[in-house]
Amino acid sequence: MKPLKPKKCRVCKFEFIPKSSLQIACNMACAITYAQKKQAKKKDKAIKQQKRDFYANDKAFRAKAAQKAFNAFIRARDKGQPCISCQRHHNGQYHAGHFKTIGANPELRFEELNCHKQCAPCNNHLSGNIANYRPNLIEKIGLEKVEWLEGPHEANRYTAQDYKAIELHYKQKLKELESESTRVA
Ligand SMILES: [Zn+2]
Ligand SMILES: [Zn+2]
């Protein structure tokens with residue numbers, strides 16, 4: 001067997017003659033150091049992944065909480081109004097219905113002009129009943145604003161902190177709205 005060419009130890013960087021092509025450290029001490037470093041790196045990587053997962057989960061959680069607060073505000077704002085799409089004042093559940101959907105226009109998900117009280121049947125079973133939503137929305141906010149909603153928008157990249165701020169903002173707005181309505185009544 002041909003002797004192997006000298007190579008550089010991965011740890012101490014000195015040259016050595018390896019006994020096999022797999023040997024990467026010059027001696028036992030360096031081999032142990034190398035194994036320990038590798039183990040630490042692996043652990044670091046796992047911790048970093050855990051952190052990433054946590055923040056991703058946290059962001060999704062924050063987005064949901066922000067949307068919940070925003071939607072509650074919309075329902076309270078439109079309390080006395082009928083469903084934006086079918087114009088009925090019926091008993092039953094009401095939602096906050098987006099004119100431009102969150103899926104298609106995520107940048108309008110917290111736009112007050114884009115969201116109005118809507119009955120559950122229109123929201124859940126008629127995909128927002130958009131054909132009837134539009135003329136009633138024009139009646140409510142004017143054609144210019146509806147066309148603005150339909151126009152192009154800059155993308156919005158929300159962070160978990162943004163979502164938290166939006167949630168607090170709409171919780172506060174809801175509180176103000178509720179204290180106003182009790183003062184009037
Ligand atoms: Zn070495
Ligand atoms: Zn309806």
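What follows is calculated from the coordinates using simple rules that are stated; it is not laboratory data. Here the structure is a predicted model, which is why all the values come from computation and not from measurement. Cβ placement follows ideal geometry from the backbone for every residue including glycine, while neighbour counts extend to all protein chains displayed.
With all pairs of different C-alpha atoms in the average, the Kirkwood value for the hydrodynamic radius of segment 84-133 is 10.9 Å. Extending 7 Å from Cα along the Cβ direction at residue 28 and again at residue 176 yields two label points whose distance is 7.4 nm.
Placing one equal scatterer on every Cα of segment 1-63 and applying the Debye formula, the log10 ratio I(q)/I(0) at q = 0.23 Å⁻¹ is -0.90.
Modelled spin-label separation between residue 46 and residue 90, with each label point placed 7 Å from Cα along the Cα-to-Cβ direction: 5.6 nm.
Based on Cα atoms of segment 133-185, Rg over Rh with Rh as the Kirkwood radius reads 1.14. Taking every Cα-Cα distance in segment 33-115 and sorting them into 10 Å bins starting at zero, the pair-distance distribution P(r) comes out as 15, 30, 20, 12, 11, 8, 4, 1 percent. If R0 is 25 Å, the Cβ-Cβ spacing of residue 72 and residue 139 corresponds to a FRET efficiency of close to 0.55. Specify the angular offset, from 0 to 90 degrees and rounded to the nearest 10, of the alpha carbon long axis of helix 28-77 from the longest principal axis of the alpha carbons in the chain. Value to nearest ten degrees: 0. On the principal axes of its alpha carbon atoms, segment 42-181 extends 60, 36, 27 Å, with the longest extent given first.
Comparing 156, 27, 123 in a Gaussian network model of the chain where C-alpha atoms under 10 Å apart are linked, the largest mean-square fluctuation is found at 27. Taking 19 Å as the limit for the C-alpha separation, the pairs 100/173; 140/175; 117/164; 100/140 exceed it in the case of 100/173; 140/175; 117/164.
Rounded to the nearest 20 debye, the dipole magnitude of segment 138-185 is 300 debye, with +1 charges on Lys and Arg beta carbons, -1 on Asp and Glu beta carbons, and the Cα centre as origin.
Under a point-charge model restricted to the Cβ atoms of Lys and Arg (+1) and Asp and Glu (-1), what is the dipole moment magnitude of the chain relative to its Cα centre, in debye to the nearest 20?
On the way: 36 positive and 18 negative charges, 424 e Å.
Computed charge dipole of the chain: roughly 2040 debye.
Axis angle, to the nearest 10 degrees, between helix 130-141 and the longest C-alpha principal axis of the chain: 70 degrees.
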